[in-house]
Amino acid sequence: MNMQALMQQAQKMQRDITKKKEELNKKEFTGSSEMVDVVFNGDKQLKSVKIKVDIENDDKEVLEDMITIAVNDAMSQIDKETEKVLGAYGNQLGGLF
């Protein structure tokens with residue numbers, strides 16, 4: 001394989017990765033716990049928090065724990081989807097992703 005063909009292949013891979021990352025960033029991921037739903041985009045930016053219970057009747061510390069669980073759930077989903085969508089490229093590039 002000559003250098004020009006290698007460069008073209010690398011450029012195509014870069015375009016593919018950029019396109020996949022843009023698609024991933026547009027997706028929304030909802031993390032849930034018993035009391036809270038959180039929504040993140042694929043770029044791990046928090047979009048919304050929804051408290052499912054009347055806060056006056058629940059302990060603040062429990063609610064904080066539920067938010068943490070929901071956030072971690074959404075982050076885990078994003079990481080799994082990122083690996084699914086971009087993992088093949090990382091394997092080709094020695095684990096870059």
### Task
Would you mention how many residues in the range 31-57 are within 14 Å of GLN77 (Cα to Cα), part of a strand (DSSP E or B) and either more than 10 Å from the chain's Cα centre (by Cα) or of a type in the set (Asp, Glu) (or both)?
6
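Kindly indicate the residue of the range 58-68 that is open to solvent by less than 70 Å² (accessible area, probe 1.4 Å) and either touching a residue at least 24 places away in the same chain (Cβ under 8 Å) or in a helix (DSSP H, G or I) (or both) and also nearest to LEU86 (Cα to Cα) among those meeting that condition. Give the steps one after another, and end with the answer.
Within the range 58-68, the first condition is being open to solvent by less than 70 Å² (accessible area, probe 1.4 Å), and the residues that meet it are 58, 62-63, 66-67.
Keeping just the survivors that are either touching a residue at least 24 places away in the same chain (Cβ under 8 Å) or in a helix (DSSP H, G or I) (or both) gives 62-63, 66-67.
Values: VAL62: 36, LEU63: 34, MET66: 30, ILE67: 28 Å.
Per the stated criteria, the residue is ILE67.
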### Task
From LYS27, LYS44, LYS50, grab the single residue that is closer than 26 Å to TYR89 by Cβ and at pLDDT 85 or above.
LYS27
### Task
Please name all residue pairs, on different chains or six or more residues apart, with Cβ atoms under 9 Å, provided the first residue is in the range 71-97 and is under 20 Å from LYS12 (Cβ atoms) and part of a helix (DSSP H, G or I) and the second residue is at pLDDT 85 or above and among the hydroxyl-bearing types (Ser, Thr, Tyr).
none
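The values are calculated or read from the model by the stated rules, or taken from the named source; none is laboratory data. Here the structure is a predicted model, which means the values were calculated and not measured. Every residue, glycine as well, gets a Cβ built from its backbone with ideal geometry; the counts of neighbours run over all protein chains shown. Areas reflect the complete protein model, heavy atoms only, side chains present, ligands, DNA and RNA absent. Shrake-Rupley method; radii C 1.70, N 1.55, O 1.52, S 1.80 Å.
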